[in-house]
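Note sheet for the following structure.
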Amino acid sequence: MEMQKTYNPKDFEDRIYADWEQSGYFRAEVDKNKVPFTIMMPPPNITGQLHMGHAMDATMQDTLIRFKRMQGYSALWLPGCDHASIATEVKIVEKMKAEGVTKADIGRDGFLVRAWDWKEQYGNRIMLQQRRLGTSCDWSRQAFTLDEKCSKAVREVFVNLYEKGLIYQGNRIINWCPCCKTALSDAEVEYAEEAGHFWHLRYPATDGSAEVVVATTRPETMLGDTAVAVHPDDERYQTLVGKTLKLPLTDREIPVVADAYVDPTFGTGCVKITPAHDPNDFEVGKRHDLPVIRVMNDDGTMNELAGKYQGMDRYVARKQMVADLEAQGNLVKIEGHTHNVGHCYRCHSTVEPIVSKQWFVKMEPLAKPAIQAVMKNKVKFVPERFSKIYYNWMENVRDWCISRQLWWGHRIPVWYCKDCGKVICTKEDPTHCPDCGSANIHQDEDVLDTWFSSALWPFSTLGYPDMTEDYKYFYPTDVLVTGYDIIFFWVARMIFSGIEHTGKVPFHDVLIHGIVRDELGRKMSKSLGNGIDPLEVIEKYGADSLRLSLLKGIAPGNDTRYADVKVESCRNFINKLWNAARFVLMNTEGKKIPSIEEVKFAPADKWIISKLQNCIRETTTNLTKYELGVAADLVTDFVWDDFCDWYIELSKPALYGEDEKKKTDTLAVLCFVLENALKLLHPFIPFVTEEIYANLPNTKGSIMMTDFPRYNSKMAYKREAKAFEGVMEIIKAVRAMKKDADCPPSKKVELNIVTESKRLIQTNKDCIMKLSGASALNLVDGAVEGKTVSSVTEIAQIYVPLGELVDIEKEKARLTAEIERINSEIERAQGKLNNPSFVNKAPAKLVEAEKEKVKKYEDMKAKCVAQLESL
RNA sequence: GGAGGCGUAGCUCAGUUGGUUAGAGCGCUACCUUGACAUGGUAGAGGUCGGAGGUUCGAGCCCUCUCGCGUCCACCA
């Protein structure tokens, strides 16, 4: 097959993916002869579209899983989607609103029909988009948090926790979203600074003897006040404690209580206590046995206990009440005040702390072993610093509110007996009350927090609670790859869930990455409209270029910026690789290539093979350490600098020469190095490496199923490679000399070389001449007469007669400068050696290196001085 | 209030247990269409690593202080 002059990913990416998928290569088998390696894909929401964050997340995972697969592991990357209870429900309600339909109109069953329709329509979209990236997930095991398998695990886990007393129902202050009309967990509230006010209100004592002034940021909640608190030691208010106050705008009387919660130095030292609408007040209320008066409805309007304000929206009521208080003379003052206001993470409405009966998971017993697991390195965060963030959260976590007043999700598996009040929580749906036998039972209306099922993802997807072959073989998983933004939502909850329900940590490593920002460093967001669609980038540059650009130069845990120019430079790299392959293929065409074992290596061959071995070793190490950015740099640098810029050029004298054996030997090395480079690159840029691999002589099958290159110490050739670098130095020196003398590169020059390494130079004569643009290479014994420019390298002095181009004065200045430079090097090294503490304390190896350096530079200096004198 | 991060070449970023002369991409300068590639080649210019002090034979890396900019958590009504 003919390769085009320019790399064009559109010609093959879709075709190759279809081939892979059809071949079954993505499927992981339970194979006792292999070691499993498992990654669970963080399930994207079914409402979602692929964005840059997904693209990076998926690319990292795909790179790791392809690497491990090639290393011989039974590599499972299990994909799937999250039903995203609240996010999806919000979207469906929005869509219904456009049609003029409400949830009440169609009822629960009708709503669920729509929700499943939605899932059918959009649930697979993002999975299809992921394929464009080249993701090698095992689609045969694709899961969904609301499917039968995952639901079974949810049920099992809920009942177990309930039976252990770790799930309970309680009346507590929770975060309420009046827009979504559901409770939220603490993690689902986002705080943002907002400009607001402090309203100072006067509450007179009922006996007229005194008054207190309280300040509030939410005056509408005063209708639910059931006390005013002061600090027990606050001398100002000693006489007030025990008295009652008249609550303005109502006909209620409320007591003054003493509670240490109050900070006497803040404000007036008097705090209105609203147990139904503030978490701290709720606690104070409990201590003083205060009534809990909730004055707000679920939709954020005032309720029947709000008197004349009933039915008003919370903000309308606020305005009206402030006006009324002012009219009464009970508004003392209004202060400007910025404070943190909580918002729903889905609809961004201001959340309302409200007392409500909800289901909770008791966190303390679960958190302890989860903290231990990380402390004892059973779970390792990469980079390590994220474990601190994890500890900080885990150590201070409050009970998890898991019930949601939504319909889309796992319904809480609890039934209530209407006759005897029994609460029934069982793994099988009950038909009657086990206590009184009544069939008059009904299920709890609420569903579970969407993260309750995500928390089980690493094992629910493998069949838990059933001890399936998959579960036994692939669990615990190996590495979780995700962003730091969901450590609390998800990572932490998977860790304690895994430990509690399976007795094992769900994964050994957590590779944390940052977020992909826009070119200006801003977060990509819908409201800013600065999002970049990965699919458009793929369309323009190809998936491989996008993948590589998302990996090159990234460091674990750090944010990165997306820039077109980065993708472009990666595309350029791939084009380079493409053309290098084209070069090799053009030359191998119709030739019989010997196997690498039969080749007699030239010095350049040993050099590139040595470089290759080094690259194999370093790349493997870094991929194993999850340093994907470093690994990507290593491989691409090897291909571009060592292979393309040097070795391919070095191969040309042999390829265009007369010696057939030399020619085919060189071709064998070219093929060998290219093939290995393709394998090293395959985890990063799977499509183009597959395409080129298919064109290589003597290859069959897919590159993704070949073995990842292994470091071969027999091919290390360290000494030979080092020696050959002396040859390269000469080539570079000649190029620089020509440039310096304004000699056109195309003009062939004569090289006269003084060296002790005569054999090395002689063996590589063709390469030196070809790469430096020389017409002749003479080994001479001393300085050459006449107008020459000269240069000194570690192993040689080079004289190039350039006739009229030679400027003696310029040449003298150059040599003088060179001697100065060498002198400063000698000084630096000698300075170290003259320092007794360096010589005594530094490792012998380093001391030796400094000595060598002095020797080398002294030698070069002598040569430079000799040259200068000869001018 | 607490925790953590960042500050390295004009720009965007690497720099893994402290160890030769601190790297890359893009940009820039000069030259080059040399039988894979101008999405290219060759040769260059350009940082002393935010600042100060300290530990060490040796610090971009460790410690203290300090300046500037993000982030997360908590939250006093």
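The values are calculated or read from the model by the stated rules, or taken from the named source; none is laboratory data. Owing to the predicted nature of the structure, the values given are computational and were not obtained by experimental measurement. Quick reminder, even Gly has a Cβ in these numbers, built from the backbone with ideal geometry, and neighbours come from all protein chains shown. The accessibility values were calculated without ligands, DNA or RNA, using every heavy atom of the protein model including side chains. Shrake-Rupley method; radii C 1.70, N 1.55, O 1.52, S 1.80 Å.
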* HN-Hα J couplings of segment A:21-30 from phi, Karplus 6.51/-1.76/1.60, θ = phi - 60°, integer Hz, Gly and Pro as x? -> 4, 6, 6, x, 5, 6, 6, 8, 10, 6
* Asked: Where does helix A:52-70 land angle-wise versus the long Cα axis of chain A, in degrees 0 to 90, nearest 10?
  -> 60
* To do: Please give the helix A:686-695 orientation as an angle from the longest Cα principal axis of chain A, in degrees from 0 to 90, rounded to the nearest 10.
  => 30
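Could you compute the net charge surrounding A:Thr6? Neighbours are other residues with a C-beta less than 12 Å from the C-beta of A:Thr6; K and R count +1, D and E count -1. Let's see the in-between values first.
Values: positive: A:Lys5, A:Lys10, A:Arg571, A:Lys576, A:Arg582; negative: A:Asp11.
Overall, the nearby charge balance is +4.
Determine the relative contact order of chain A: mean sequence separation of Cα pairs under 8 Å and six or more apart, normalised by residue count, in whole percent. Don't skip to the answer; put the middle values down first.
Details: 1511 pairs, mean separation 106.5, N = 871.
Value for chain A: 12 percent.
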* Structure fact -> Listed by chain and number, the residues whose amide H is under 5 Å from that of A:Gly531, excluding neighbours fewer than 5 places away on the same chain and using placed H, are A:Ser525
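If Rh is defined by the Kirkwood formula over all Cα pairs and Rg also comes from Cα, what ratio Rg/Rh do you get for segment A:166-251?
1.07
Could you give the alpha-carbon Rg of segment A:41-192 over 2.2 N^0.38 Å, rounded to two decimals?
Numbers: Rg = 18.8 Å, N = 152, 2.2 N^0.38 = 14.8 Å.
It is 1.27.
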* Tell me, what ³J(HN,Hα) does each residue in segment A:758-764 have, in order and in whole Hz, if you take phi through Karplus 6.51 cos²θ - 1.76 cosθ + 1.60 with θ = phi - 60° and put x for Gly and Pro? -> 4, 5, 4, 5, 4, 4, 9
* To do: Hey, for a label at A:His339 modelled as a point 7 Å past Cα toward Cβ, could you say which residues of segment A:267-283 have their backbone N under 13 Å away?
  => A:267-268, A:271-274, A:277-281
* To do: Under 16 Å Cα to Cα from A:Lys319, which lysines show up? Leave out anything in the same chain fewer than 8 places away.
  => A:Lys308, A:Lys333
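Using a 1.4 angstrom probe, figure out how much accessible area segment A:530-602 has per residue, in square angstrom, rounded to the nearest whole.
Accessible surface, normalised per residue, equals 44 Å².
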* To do: In nm, give the distance between the simple-model label positions of A:Arg27 and A:Glu148, each being 7 Å from the Cα along the Cα-to-Cβ direction.
  => 2.0
* In segment A:679-772, the GluC sites (Glu not before Pro) that fall in loop regions by DSSP, at most 10 other Cβ within 10 Å -> A:Glu756
* To do: List, in order, the whole-Hz ³J(HN,Hα) value for each residue of segment A:669-674 obtained from phi through the Karplus relation with A = 6.51, B = -1.76, C = 1.60 and θ = phi - 60°; use x for Gly and Pro.
  => 5, 4, 5, 4, 5, 4
* In Å, the Kirkwood hydrodynamic radius of segment A:541-614 over pairs of distinct alpha carbons? -> 15.5
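Of A:Lys362/A:Lys427; A:Lys652/A:Lys700; A:Lys739/A:Lys853; A:Lys152/A:Lys286; A:Lys566/A:Lys810; A:Lys504/A:Lys552, which ones are farther than 31 Å apart at the Cα? Could the numbers behind the result be given before it?
Details: A:Lys362/A:Lys427 20 Å; A:Lys652/A:Lys700 27 Å; A:Lys739/A:Lys853 28 Å; A:Lys152/A:Lys286 38 Å; A:Lys566/A:Lys810 41 Å; A:Lys504/A:Lys552 34 Å.
Exceeds cut-off: A:Lys152/A:Lys286; A:Lys566/A:Lys810; A:Lys504/A:Lys552.
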* To do: Would you please name the GluC sites (Glu not before Pro) within segment A:22-96 that are DSSP coil residues with at most 15 other C-beta atoms within 10 Å of their C-beta?
  => A:Glu29
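Can you tell me how much longer the chain between A:Lys722 and A:Lys700 gets when fully stretched, taken as 0.36 nm per residue apart minus their C-alpha distance, in nm with one decimal?
Values: separation 22, 0.36 × 22 = 7.92 nm, distance 3.52 nm.
Full extension from A:Lys722 to A:Lys700 adds 4.4 nm.
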* Looking at chain A, send over the antiparallel percent of its DSSP beta bridges, to the nearest 5. => 70
* A:Asn579 to A:Ser746: extension gain in nm, 0.36 nm per residue of separation minus the Cα-Cα distance? -> 57.8 nm
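Using the beta-carbon distance between A:Glu568 and A:Glu729 and R0 = 30 Å, what value does 1/(1 + (r/R0)^6) give for FRET efficiency, to the nearest 0.05?
Details: r = 33 Å, r/R0 = 1.10.
After rounding to 0.05, the efficiency reads 0.35.
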* To do: Percent of Cα-Cα pairs per 20 Å bin, from 0 to the last occupied bin, for chain A, please list those.
  => 12, 32, 28, 17, 10, 1
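Give the accessible surface of segment A:43-107 per residue, rounded to a whole number of Å², with probe radius 1.4 Å and ligands, DNA and RNA excluded.
Numbers: 1890 Å² over 65 residues.
Ligands and nucleic acids excluded, the result is 29 Å² per residue.
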* Take the Cα of A:Gln830, step 7 Å along the line toward its Cβ, and report every residue of segment A:850-871 whose backbone nitrogen sits under 17 Å from that point. => A:850-866
* **Solution diffusion estimate, µm²/s, Stokes-Einstein, segment A:282-377, Kirkwood Rh from C-alpha pairs, 20 °C, viscosity 1.002 mPa s** => 122
* Structure fact -> Scoring only Lys, Arg, Asp and Glu (+1, +1, -1, -1) among other residues with Cβ under 13 Å from the Cβ of A:Met312 yields -1
* Asked: Could you give the angle, 0 to 90 degrees to the nearest 10, between helix A:628-637's Cα long axis and the longest principal axis of the Cα atoms of chain A?
  -> 20
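What is the local net charge at A:Thr338, summed over the other residues whose Cβ is closer than 15 Å to its Cβ (Lys, Arg +1; Asp, Glu -1)?
Values: positive: A:Arg218; negative: A:Glu193, A:Glu194, A:Glu335.
Charge balance in the 15 Å sphere: -2.
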